[in-house]
Ligand code: GLN
């Protein structure tokens, strides 16, 4: 059994729990405090509002514990605002980032709420025709050499992996296709 936590501060928390529960041999739990990271194999940082989640990460004393969790080689999946938080730098520096992946993130890179969209992606090593929901989504504007860029829209990188860290601009938890989640869990 893999124990996967979902950071329960703000955003699309319950949707990730539901999708994790659709996968065999996964025990999903909510994480709000540092001690709840103990014994987990992986952690999901959900989408929502990156400024808010960032503030709550600090308030709850989770900044260093999450960074240590990642350094131990445990799996991290950041979706949408979670991708922003996994980054090293962002174009909007009011957000304090976790710096888990060597990427520079363009927050709201695809525009405002009204520019939200749904598309289908072919993602090498994961699968073809994967539905992807973009809601006020960021993209990866720059990535270091150790970063494996997995999917693009209009030349903008929307999914990447650096060792144990996986990030996507979109919301895999808002579809019925759990291949990205299974890929993540397998790597935890
Ligand atoms: N635009 C949001 C942010 O940067 C992310 C939106 C989302 O997670 N759906 O915080």
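Packing-based ranking of 102-111, 157-166 yields 157-166, 102-111, ordered from highest to lowest mean Cβ neighbour count within 10 Å. Sorted fewest first by neighbouring Cβ atoms within 10 angstrom, 31, 13 come out as 13, 31. Each stretch of four or more DSSP H residues adds -39500 (n - 2.57); spread over every residue of the chain, this sum gives -6500 deg cm²/dmol at 222 nm. If you take the Cα centroid of region 159-188 and the Cα centroid of region 94-155, the two points sit 12 Å apart. Each residue in 74, 58 was given a count of other beta-carbon atoms within 10 angstrom of its own, and listing them fewest first yields 58, 74. Remark: spin-label model distance residue 122-residue 145 equals 3.0 nm, labels positioned 7 Å along the Cα→Cβ axis. At full extension, residue 155 and residue 91 could sit 21.2 nm farther apart than now, given 0.36 nm per residue minus the alpha carbon distance.
If a spin label sat at a point 7 angstrom from the Cα of residue 23 along the line to its beta carbon, the backbone N atoms of region 47-77 nearer than 15 Å would be those of 74-77. Hey, in the GNM for the chain with a 10 angstrom Cα cutoff, which one of 112, 55, 136 fluctuates hardest? It is 112.
Compute the semi-axes of the equivalent ellipsoid of region 2-187, taking the square root of 5 times each eigenvalue of the Cα gyration tensor, and list them largest first in whole Å. Walk me through the numbers before you get to the answer.
Values: eigenvalues 94, 75, 48 Å².
Its equivalent ellipsoid spans semi-axes of 22, 19, 15 Å.
Panel order for 134, 152, by other beta carbons found within 10 Å of each beta carbon, from fewest to most: 152, 134.
Coordinate-derived values only; no laboratory data. Small disclaimer: the values here were computed from a predicted structure and weren't measured. A quick note on method: Cβ atoms are made from the backbone with ideal geometry, for glycine too, and the neighbour counts reach across all protein chains shown.
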